[in-house]
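To keep things clear, I will list the structure first and then write my remarks on it.
What follows is calculated from the coordinates using simple rules that are stated; it is not laboratory data. Keep in mind that this is a model prediction, so the values were computed, not measured. Methodologically, a virtual Cβ is constructed for each residue, glycine included, from the backbone with ideal geometry; neighbour enumeration extends over all protein chains shown.
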Amino acid sequence: MIKVFFFLLGALGLFALYVRVAPSDPARWHVEVHGETATFEGGTLRVLAGRASSLATLSEIITAEPRTRLLAGSVEEGRITFVTRSKLWGFPDYATVEARGDDLVIWSRLRFGKSDLGVNSARVTRWIAALGQ
């Protein structure tokens, strides 16, 4: 029974380590956003009509978010992808923001698991509020 306990504890430790050090491939996460406003298991997509000019301001808001870093892109490119890690486990969530025509699009999603317990939706709602939407 003790061997099983230590095996499970070791497996949990390895998983926690993998989550923190797994590389983030920009080719996988920094992609064009498709779709319309929706909340789904593991993320959310929001379209802000007529707000494409707010991309730089939104980028500043996101950059100020704790445990968030730029993965790829720029305001000049019109698409930016960020990685935000959870405080305890370091789970990565990816948020891609882009100017699509006149609209500003935000797509935030998890990497591991199926459910984010509404974290991505709450984060995007906070960003939109900060943007003054």
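Overview of results
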| read-out | value |
| --- | --- |
| Selected residue [in contact (Cβ under 8 Å) with a residue 60 or more places away in the chain and under 27 Å from SER115 (Cα atoms)] from ALA16, ALA27 | ALA16 |
| Some residue of region 55-68 being farther than 15 Å from ARG123 by Cα and touching a strand residue (DSSP E or B) at 6+ places or on another chain (Cβ under 6 Å) | yes |
| Checking VAL33 against (1) outside any loop (DSSP other than H, G, I, E, B); (2) surrounded by 12 or more Cβ atoms within 10 Å (Cβ to Cβ), the condition it does not meet | (1) |
| Of all residues in region 106-133 being of a type outside the set (Ser, Thr, Tyr) and part of a strand (DSSP E or B), the one that is surrounded by the fewest Cβ atoms within 10 Å (Cβ to Cβ) | ARG109 |
| Selected residue (criterion: nearest to GLY50 (Cα to Cα)) from residues of region 62-105 that are in a loop (DSSP other than H, G, I, E, B) and small (Gly, Ala, Ser) | GLY101 |
| ASP102 surrounded by fewer than 21 Cβ atoms within 10 Å (Cβ to Cβ) and not aliphatic (A, V, I, L, M) | yes |
